[in-house]
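A.B. asks: Starting off with a structure, shown below.
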2 protein chains.
Amino acid sequence: MVDVWRGGRLESQHRGHAVICDAQGTILEAWGDPEAVIYPRSSCKMIQALPLMESGAGASLSDAQVALACASHQGAAIHVEAVTRWLADMGLGESDLRCGAHDPADIAERNRLICSGDEACQIHNNCSGKHAGFLMLNKHLGGDPEYVELEHPVQRAVRAAFEEVTGEDSPGHAIDGCSAPNFATTVHGLARAMGRFAAAGGGDARSDAMVRLRTAMTRHPEMVAGETRACTELMRAAKGVALKTGADGVFVAILPEQRLGLALKIADGATRASEAALVGLLIRLGVLDGQHPDALKRLNGPQRNWRGLEWGSLRLSEGFAG
Amino acid sequence: MVDVWRGGRLESQHRGHAVICDAQGTILEAWGDPEAVIYPRSSCKMIQALPLMESGAGASLSDAQVALACASHQGAAIHVEAVTRWLADMGLGESDLRCGAHDPADIAERNRLICSGDEACQIHNNCSGKHAGFLMLNKHLGGDPEYVELEHPVQRAVRAAFEEVTGEDSPGHAIDGCSAPNFATTVHGLARAMGRFAAAGGGDARSDAMVRLRTAMTRHPEMVAGETRACTELMRAAKGVALKTGADGVFVAILPEQRLGLALKIADGATRASEAALVGLLIRLGVLDGQHPDALKRLNGPQRNWRGLEWGSLRLSEGFAG
């Protein structure tokens with residue numbers, strides 16, 4: 001789907017699968033194998049947040065918090081402060097999280113930790129907003145503290161919602177980077193779910209939740225990832241479209257105006273390729289200007305080395321989305 | 001060549017090309033397309049250092065400096081100090097380099113820079129040892145300061161040596177991350193060059209240089225990359241074998257005892273896969289214990305998330321090197 005050109009020669013090549021479909025799950029366009037089974041990883045966070053919103057447990061949340069529940073944030077101050085406050089508002093704290101700690105991707109916050117001698121904590125985990133949402137749902141459901149266990153009421157609710165919106169029984173799950181179960185589905189199933197998010201118009205609990213989640217994401221792109229990151233930059237550039245990346249080469253898009261959903265998986269798991277392929281598909285769908293700097297830096301624009309010299313560019317492979 | 005398994009299911013898959021051959025360039029084993037044209041990137045630094053050594057320009061260098069000339073180091077204190085001293089010994093300084101500056105991968109040095117407010121300089125560039133070698137050759141050749149230009153005597157000497165040891169006319173070049181030209185060849189050509197390095201026994205300038213370069217690399221694995229890095233760890237684990245990685249999924253090995261050379265390229269450019277594939281081939285060739293912790297962390301061993309939970313492993317694909 002994506003070729004890496006260097007010095008006028010193909011250096012590397014990424015294959016993959018992509019599906020564009022409507023709310024009924026009808027495939028409008030597809031590349032690769034639409035029925036390939038994948039782990040959506042973090043791309044399905046808006047699905048994992050459905051039980052929180054449709055149960056009413058998250059009724060009091062601000063749009064920024066709802067966006068954080070769908071986020072792979074980079075642990076910048078705005079993310080850390082918002083999750084800290086959210087946990088405190090529930091009478092909970094960092095130790096109630098089960099996502100594990102990792103250094104924030106945000107440079108300023110990383111540098112602050114290094115120079116102050118502080119350690120990164122679980123709130124810095126890119127999934128801490130999703131986990132705050134799990135904890136809020138758990139308060140509502142009255143489950144035990146181990147909310148990432150497969151048979152815990154929180155994850156049972158997530159699985160049920162996931163299977164309903166993908167329209168498929170999940171063939172199984174794996175442990176995600178943040179320790180929550182991640183349920184497998186097909187690329188088609190994931191695109192179908194995004195189509196349903198796109199077409200949702202409110203009226204029942206699920207549809208209301210879908211509208212709330214996609215709207216919160218597009219209103220707060222800074223909460224869904226962070227400065228310089230693809231989700232944040234491309235949601236600003238492609239107005240009204242909700243976007244979410246997932247580890248190992250997954251990307252999804254919700255296009256409410258077009259009532260379309262999109263899912264793609266790079267077979268080798270490369271993020272540079274999932275971002276380039278997504279940009280290509282958004283341009284094709286008419287919702288992103290290919291000359292926008294945040295598009296060009298991921299597809300077709302000059303790539304530069306440490307001295308600013310151009311070495312090549314990422315391009316769509318022949319036969320894909322062009 | 002390499003499969004990424006998560007939760008008992010194939011999550012991602014890496015294809016590629018690999019060649020094992022002798023000093024004559026006879027292919028003993030191959031996977032993928034041996035004649036695929038690739039950029040060796042940093043994997044060919046020992047070739048780029050041939051003119052330095054065979055001209056006699058580098059005769060006074062220590063083994064540690066020769067290893068640095070072949071290095072993609074991580075800008076740790078030992079690397080920065082050694083390159084700084086080397087430049088000073090030539091009456092040169094940081095501003096004579098043409099590699100550009102980037103933050104060091106070494107955590108301690110990175111943190112020192114952040115907390116002291118210092119900026120990373122060109123000496124931190126992972127290629128600064130190679131560039132110190134270029135500068136030393138340039139002093140010998142009497143070229144102008146722009147030693148990374150394609151038609152500069154330094155790069156003309158590099159290209160001539162490259163084409164001779166790969167046994168192929170290079171079809172062209174690209175600008176590498178460090179701004180030097182990087183000449184294209186086939187995977188077979190790169191493996192043939194490594195076979196020549198492996199079989200070299202000394203006796204003429206080229207053969208002496210090859211012995212010196214491969215020996216310096218294996219004597220100073222800490223100079224070729226740095227702690228936790230694949231080249232350093234695997235050279236310690238596979239004694240006597242010289243190893244070098246290159247960006248976008250390249251790895252080479254020189255096996256002097258077996259008189260074999262090896263080159264591989266992951267088609268999508270993934271480093272996790274080039275490391276896993278290299279480990280698989282070294283095990284197959286009997287020079288690496290598959291149960292060594294530094295092998296297991298790259299192939300077959302449990303991969304763990306931020307809470308230490310096992311999520312899966314990297315495995316060789318069916319039909320590759322198993």
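The values are calculated or read from the model by the stated rules, or taken from the named source; none is laboratory data. Only a predicted model underlies this, so the values are computations on that prediction, with no experimental measurement involved. Please note: Cβ atoms are built from the backbone with ideal geometry, for glycine as well, and neighbour counts cover all protein chains shown.
A.B. asks: Test A:Ala120 against the stated conditions and say whether it is of a type in the set (Gly, Ala, Ser), touching an Asp or Glu at 6+ places or on another chain (Cβ under 9 Å) and within 14 Å of chain B (Cβ to nearest Cβ).
C.D. replies: yes
A.B. asks: Restricting to segment A:243-296, name every residue that is within 13 Å of chain B (Cβ to nearest Cβ) and part of a helix (DSSP H, G or I). Break it down stepwise before answering.
C.D. replies: Kept after step one, since they are within 13 Å of chain B (Cβ to nearest Cβ), are these residues of segment A:243-296: A:246-250, A:265-274, A:276-277.
Within segment A:243-296, A:Thr271, A:Arg272, A:Ala273, A:Ser274, A:Ala276, A:Ala277 qualify.
A.B. asks: Is it the case that B:Ala132 is within 26 Å of B:Glu233 (Cβ to Cβ), in contact with a Gly (Cβ under 6 Å, 6 or more places away or on another chain) and either more than 14 Å from every other protein chain (Cβ to nearest Cβ) or assigned to a loop (DSSP other than H, G, I, E, B) (or both)? Break it down stepwise before answering.
C.D. replies: Values: within 26 Å of B:Glu233 (Cβ to Cβ): yes; in contact with a Gly (Cβ under 6 Å, 6 or more places away or on another chain): no; either more than 14 Å from every other protein chain (Cβ to nearest Cβ) or assigned to a loop (DSSP other than H, G, I, E, B) (or both): yes.
So B:Ala132 fails the test.
A.B. asks: Another question, if that's okay. Identify, from the list B:Gly133, B:Gly100, B:Gly129, the residue that is of a type outside the set (D, E, K, R) and surrounded by fewer than 24 Cβ atoms within 10 Å (Cβ to Cβ). Write out each step before concluding.
C.D. replies: Working: B:Gly133 fails: surrounded by fewer than 24 Cβ atoms within 10 Å (Cβ to Cβ); B:Gly129 fails: surrounded by fewer than 24 Cβ atoms within 10 Å (Cβ to Cβ).
Answer to the selection: B:Gly100.
A.B. asks: Just to be sure I understand, how many residues within segment A:1-31 are over 23 Å from A:Glu310 (Cβ atoms), part of a strand (DSSP E or B) and within 14 Å of chain B (Cβ to nearest Cβ)?
C.D. replies: 2
A.B. asks: Hey, another quick one. Which residues, taken from segment B:164-178, are crowded, with 16+ Cβ neighbours inside 10 Å and part of a helix (DSSP H, G or I)?
C.D. replies: Once the filter is applied, which keeps residues that are crowded, with 16+ Cβ neighbours inside 10 Å and part of a helix (DSSP H, G or I), segment B:164-178 yields B:Val165, B:Thr166.
A.B. asks: Select from segment A:270-322 the residues that are at pLDDT below 95, in contact with a Leu (Cβ under 7 Å, 6 or more places away or on another chain) and either among the basic types (Lys, Arg) or on the phi < 0 side of the Ramachandran plot (or both) and list them in ascending order.
C.D. replies: A:Gly322
A.B. asks: Every residue in segment B:138-192 that is β-branched (Val, Ile, Thr) and within 16 Å of B:Pro40 (Cβ to Cβ), please.
C.D. replies: Residues of segment B:138-192 that are β-branched (Val, Ile, Thr), as a first pass: B:148, B:154, B:158, B:165-166, B:175, B:185-187.
Answer for segment B:138-192, where residues must be β-branched (Val, Ile, Thr) and within 16 Å of B:Pro40 (Cβ to Cβ): B:Val158, B:Val165, B:Thr166, B:Ile175, B:Thr185, B:Thr186, B:Val187.
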